[in-house]
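Each reported figure results from applying straightforward, stated rules to the coordinates on display, with no laboratory input. Note that the coordinates shown come from a computational prediction; the quantities given were computed from them, not determined experimentally. Don't worry about glycine lacking a Cβ; one is built from the backbone with ideal geometry, like all the others, and counts go over all protein chains shown.
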Amino acid sequence: MRFSATIVSLVALASKALAIGQAPSLAFEEVDGGLKLGGTGSAPVIVIDSKDWAGVTRAGNDLANDFGLVTGSKGRVATSANGISGSTPVIIAGTIGKSPLIDNLVSSGKLDVSSTTGKWEAFTSQLVSDPAPGVSSALVLAGSDKRGTIYAIYDISEQIGVSPWYWWADVPPKKKTNIYALPKTKVQGSPSIKYRGIFLNDEQPALTNWVNRNYGRYDSRFYGKVFELLLRLRANYLWPTMWNSRFYVDDSRNGPLADEMGIVMGTSHTEPMARADKEKVKPWDWRSNQWNLKRYMQDGLNRAKNWETLWTLGMRGDGDTASPTLDARSLVDVINYQQSIMKDTLTQNLAKVPQMWCVYKEVGGYYDAGMNIPDDLTILWSDDNSGNIQRLPIASEANREGNAGVYYHFDYVGDPRNYKWINTIQLSKTWEQMHLAWARNATEIWIVNVGDLKPLELPISHFLDMAYDMSSFTSAASTDPWLKAWATREFGSNVADGTAEAMATYGKLIVRRKYELLNLNPFMLSTNNYDEAENVLDEWTALESKAQTLYDSLDSATQIAFFEVVLHPIMAGGVVQRVYINAARNSAYASQNRMSTNKLADDVRATYAQDAVIQRRYHGLLNGKWNHMMDQVHFGYTYWQDPRSNSMPGVRTIGTNAPRDGMLGVSVQNSGGSNPTLQDMSPYTRENRTFEIFARGSGSMDFSIASSEDYVRVSPSSGTVSYPSGTSDIRANIRVNWFAAPKGSSSVTITVTPRSGNAVRLTLPLRNVAVPDGFKGHVESNGAVAMEMAHFSSRESGAGGSSLEVIPNYGRTHSGLTLMPSTAGTQSTGSGPKAVYSFFSYTTASNAKVTVYMPPSFNVDPGHPLKFAVALDGGNPSTVTPIGRYTLGSMPSGWKESVIDGARVVTTNIGRVEPGKHELSLWLLEPGTVVHRLVVDLGGVASSYLGPPESGTVGM
């Protein structure tokens, strides 16, 4: 089923079921032919045969408890239906071929499991009449295997109103007075991705401090909570913590518990054969210490052989680094040895043994050197640690027996900076990359590094929902509906729209630059140009206000979960943004000798102090349940590694004596000082034109403002700046009566006259132009035309059904455009799909340029690098390949800068542009090519981080 239909159904039936993306099988009011399962004063007996898997019984007990959380009446688990009262609701759960209860229903013709039997992790849910003596009707949950049954059970838990995050994010159960099973059969097929899970990594200090406080070590009590969360999220795979822990050694119950509950254990790319990094023998060198390494690997195989394990093969150097003595040939020797002992210890048929080799960092270079990898070994491709997949299966790898998968990152320790504090993941970007992986058949394994787990509840849910049923996410616009469904489940339908909008906005704000990289002052260039620093700060302020309003509307229990997942990252992230932005403004103001420099210094200090207040609030939740989460340092980075502690960026203060040329200063918008020329205005200029009058010393100074023409008005027309009391900065806004202004180009003089001292005269260029009737498109503003991708004038489909589709809330400002389907082949400008962006210019540009903003993506198929083309007014298209040649295991030119900036910025010439109407055509010529902004530079684009604000439009 397509996701759009799924979400419509989910939202329409929100009173019936709350499972995201899953077909509803329950209702909360009586329905014809339905079966009451529970309610106030009643609860079901959950019958699970004693011969079934222990993990199924565990899940059944969780469901019994969940009924109590939702209705106030707890269910119970029984091993048979004998003695159950005729009025007691019954749920029968079991595994086909493992549960005699289920098998008897199948053999008697009462239960049809023909669509489920033999499949991987599938289940059938069906109302069955007379399933056992004395039971007139029961809801039967039949799984194709252990996890299929467990997912069927937790599907009921989620539908009745228990979020998978009920414990880890304190989402309160949604209370119900009645619960009914619908008279329908539900068949849930196999997941899109066979092995789906998370990697708990980079876990010091936050997660480790929290675990030490609550459990003393990473023991089975901790992992039991993690396993349950994964199963409720319909995941099945885990790489455990590795920094200073040993999963199988720290608690002897860890391994057996994972197997019992149904979790497939693995280990990271640097921990072969189910051995922890902290167990490694020394020296960790295949050339010099081969005998000991072989014994080490055999011991790991022997220890975990009886538990469900996805074996990590290969090896890297010690300490998650490259090995100085490994090469392509010796790594093949390592893998051949590992497979040989697996054949001896497990089975001769390794096709039945899940095993993977992760192509991570320098290992990619070995693969490029021509390694001959066994066909039954899954190749796990990696991203660049920043969410950009480096490689996916190509045509010659498409039919490998072991298939392929993806190792992805929501957290990382390394270059260009560590990022492991709070959520910095744009969901639409995750969709774009993982949808590409799914389309290219990297479907065996999806594993994502989630750091401390706790700060990443939202992106984890999104990632695992896609992995479970990617067919529900085929639309480029699937992320926002998913967000609404997620918000409905966690916080209720009343705040779902607002929450989804808030988190989509948050994604655009955080993709611009990780918090740990903000001290590189991305907005320093633009404290004046386009008012960018101030506008970004206003975006964060508006977002926090929106989130706070949503929070205030919730009941106290839901407020806790909302704070943890939504309000906290917005508040805490906004603090870091404000500290760095105002530190940059403080520096810029100091160069102008503004007295507000000192006020900004005070603001930076006060905001920085607020960071600790927010952290204490988080740590105090629920009597300290999450104390130590968010301990991670996030201020004061100087290189990739963490600083020892947070430190505030430096600020400047200035003395109170006014300079010789007077106390009153004037700063013109889009200039660093007192440039007397304002940027031009036209009737289509979207942004305001302003200038500021400010104090440059102690005292007060009156001033007046006059325009040389009545059709230009400035507000205020007079005022007083003063320091330290009073107002030290006053912004003057310019308004033009275009009906009275002369046609064509002209200029107006605006004079600022202080009570004493010299007047300042500013020149305002005006262009009173009119676009032709019927024109639809963008209009130039001061030598620039900025266009967001969703605001095209027209689109044309390509041959074979290819098209350019909008990804809402993608990139740093608005939206993205991508080529669909992701399996489309190479396109041409003659037959491929294109989008046309119309614009009107009033400037003559002899050598205009177009700047294309793209994500920091890679050529996932080296033989078909990312490519786009642009053309002006039907001219010859200019084809651009934004990423030069590079070898796997290395980074392409400009990678670091593009990852830091959240964008790869590519500029190409489009030739001479005369005043008038124009059409800029854009083709995306390879799948995976995404564009998230276009700026036509007619000679007026100023330095900034995000580029000019979007130009005004007509008829759109």
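Only beta bridges with both residues in the chain are counted; by DSSP, about 70 percent of them are antiparallel. Relative to the dominant Cα principal axis of the chain, helix 496-510 is inclined by about 70°.
Loop-located trypsin sites (Lys or Arg not before Pro) in the range 121-218 (DSSP state other than H, G, I, E, B) with a sparse environment of at most 15 neighbouring Cβ atoms within 10 Å: Lys175, Lys184, Arg217.
When the range 777-954 is described by a simple charge dipole with +1 on each Lys and Arg Cβ and -1 on each Asp and Glu Cβ, the residue from Thr908, Ser797, Phe858 located farthest towards its positive end is Phe858. Sorted ascending by nearby beta carbons within 10 Å, beginning with the fewest, Asp62, Asp497 become Asp497, Asp62. For a straight C-alpha distance cut-off of 17 angstrom, the lysines reachable from Lys834 (same-chain residues fewer than eight places away being disregarded) are Lys867. Helical runs (DSSP H, four residues minimum) scored at -39500 (n - 2.57) apiece and divided by the length of the chain put the mean residue ellipticity at 222 nm at -8500 deg cm²/dmol.
Placing unit charges on each Cβ (+1 for Lys and Arg, -1 for Asp and Glu) gives the chain a dipole about its Cα centre, and among Tyr215, Leu141, Gly451 the Cα reaching farthest toward its positive end belongs to Tyr215. The chymotrypsin sites (Phe, Trp or Tyr not before Pro) of the range 597-683 that meet both conditions, a loop assignment by DSSP and at most 15 other Cβ atoms within 10 Å of the site Cβ, are Tyr639, Trp640. Angle of helix 427-439 to the longest C-alpha principal axis of the chain, folded into 0 to 90 degrees and rounded to 10: 50°. Residue pairs exceeding 25 angstrom between C-alpha atoms, taken from Lys51/Lys174; Lys146/Lys278; Lys98/Lys194: Lys51/Lys174; Lys146/Lys278.
The residue list Thr843, Ile730, Leu427 was ranked by how far each Cα lies along the charge dipole of the chain toward its positive end, using unit charges on Cβ atoms, and Ile730 comes out on top.
Were the residues from Ser493 through Asn65 laid out at 0.36 nm apart, the gain over their Cα-Cα distance would be 151.6 nm. Only Lys, Arg, Asp and Glu carry charge here, each on its Cβ (+1 for the first two, -1 for the last two); on that basis the chain has a dipole of about 740 debye about its Cα centre. The range 777-954 has equivalent-ellipsoid semi-axes of 25, 19, 15 Å, by the square roots of 5 times the alpha carbon gyration tensor eigenvalues, sorted largest first. Centre-to-centre, using Cα atoms only, the range 377-393 and the range 413-441 are separated by 11 Å. For Thr826 and Ser725, the difference between the fully extended length at 0.36 nm per residue and the C-alpha to C-alpha distance is 29.8 nm.
Helix 457-468 and the longest principal axis of the C-alpha atoms of the chain enclose an angle of approximately 60°. Reported to the nearest whole Å, the Cα centre-to-centre distance from the range 113-162 to the range 216-279 is 28. Annotation note: chymotrypsin sites (Phe, Trp or Tyr not before Pro) in the range 710-765 located in DSSP loop regions with a Cβ neighbour count of at most 10 within 10 Å are Phe739.
Within the chain, the longest run free of exposed loop sites, counting GluC sites (Glu not before Pro) that sit outside DSSP helix and strand states (H, G, I, E, B) and have at most 13 other Cβ atoms within 10 Å, spans 402-956. Rounded to the nearest 20 debye, the dipole size of the range 777-954 about its Cα centre is 260 debye, using +1 on the Cβ of Lys and Arg and -1 on the Cβ of Asp and Glu.
The residues Trp307, Trp381, Trp431, when put in order of fewest to most other Cβ atoms within 10 Å, stand as Trp307, Trp431, Trp381.
For the range 31-188, a crude dipole built from +1 on the beta carbon of Lys and Arg and -1 on the beta carbon of Asp and Glu, taken about the Cα centre, is about 180 debye to the nearest 20. Each DSSP beta bridge with both residues in the range 664-768 is either parallel or antiparallel, and the antiparallel ones are about 95%.
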